[in-house]
1. For the chain, calculate the relative contact order in percent as a whole number, restricting contacts to Cα pairs under 8 Å that are 6 or more residues apart.
2. For the range 7-158, report the convex hull volume of the alpha-carbon atoms normalised per residue, in Å³, without decimals.
3. Near residue 92, which aspartates and glutamates are there with a Cα under 15 Å away, not counting those fewer than 8 places off in the same chain?
4. Out of the total accessible area of the chain (probe 1.4 Å, heavy atoms of protein only), what percent is carbon and sulfur?
5. All other residues with a Cβ under 10 Å from the Cβ of residue 109 taken together, and with Lys, Arg as +1 and Asp, Glu as -1, what is their net charge?
6. What does the extension gain come out to for residue 109 and residue 59, with contour length at 0.36 nm per residue minus their alpha carbon separation?
7. Tell me, what is the per residue accessible area of the chain in Å², probe radius 1.4 Å?
8. Cut-off 17 Å, label point 7 angstrom out along Cα-to-Cβ of residue 169: give me the residues of the range 8-24 whose amide nitrogen falls inside.
Amino acid sequence: MVSGFKPTWMVTNIYDLTPAQLKANGIKAVLTDLDNTLIAWNNPDGTPELRHWLTLLELAGIQVIVVSNNSRKRVDRAVAPFDLPYIHRALKPLTWGLKRALRRWHLQKSEVVMVGDQLLTDIWAANHSRIRSVLVRPILKSDAWITKGNRLLEKGVMWELRRRYPELTWQEDLNERTTH
Ligand SMILES: [Mg+2]
């Protein structure tokens, strides 16, 4: 059961994913959660760091596609400054939104990675779509989109994952690949 929540990699921050590492793993598109993964929920304009990272990926020809459970209005407002494609109301932990993104942009499962800050939604949806995943630390500790109960459950699942898979550790990048 807990294996369904196991991320392929754990990297502190999405900005740590470099084009070289992504390409080395055959990744042509990064599917990413929005809130607390790409941007802080209370800073919808993002940071210079985010813009820099998006530019690097664009130059390398790697697509970034937002897959968010939020409403069209909220996601549209958040991604507008960056001109990113997105799927809204993705219904994670269901696989619907991820599958839809693969179909719409003609991507193979092996060509994408899902990045998110929540095991219960982002990582579970990736695993059940059979695509690789990166768990990142939430940009902000508190957030508006998750209940305290969910956060507690996340902690419990993480504790169990780390007990079961001692090799699962926070990495600097994708180079030190964990066994899946
Ligand atoms: Mg999130």
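1. 35
2. Spread over its residues, the Cα hull of the range 7-158 gives 99 Å³ apiece.
3. Those aspartates and glutamates meeting the cut-off are 33, 35, 117, 122, 154.
4. After summing per-atom areas, the C and S share lands at 55 percent.
5. With Lys, Arg at +1 and Asp, Glu at -1, the net is +2.
6. Using 0.36 nm per residue and subtracting the Cα-Cα distance, I get 15.8 nm.
7. Accessible area per residue, the chain: 51 Å².
8. Those under the cut-off are 8-13.
The values are calculated or read from the model by the stated rules, or taken from the named source; none is laboratory data. This one's a predicted model, so the numbers in the text were calculated from it and none came from an experiment. Reconstructed Cβ throughout: ideal geometry from the backbone, glycine too, with neighbour counts over all protein chains shown. These area figures cover heavy atoms from the full protein model, side chains too; ligands, DNA and RNA do not enter into them. Shrake-Rupley method; radii C 1.70, N 1.55, O 1.52, S 1.80 Å.
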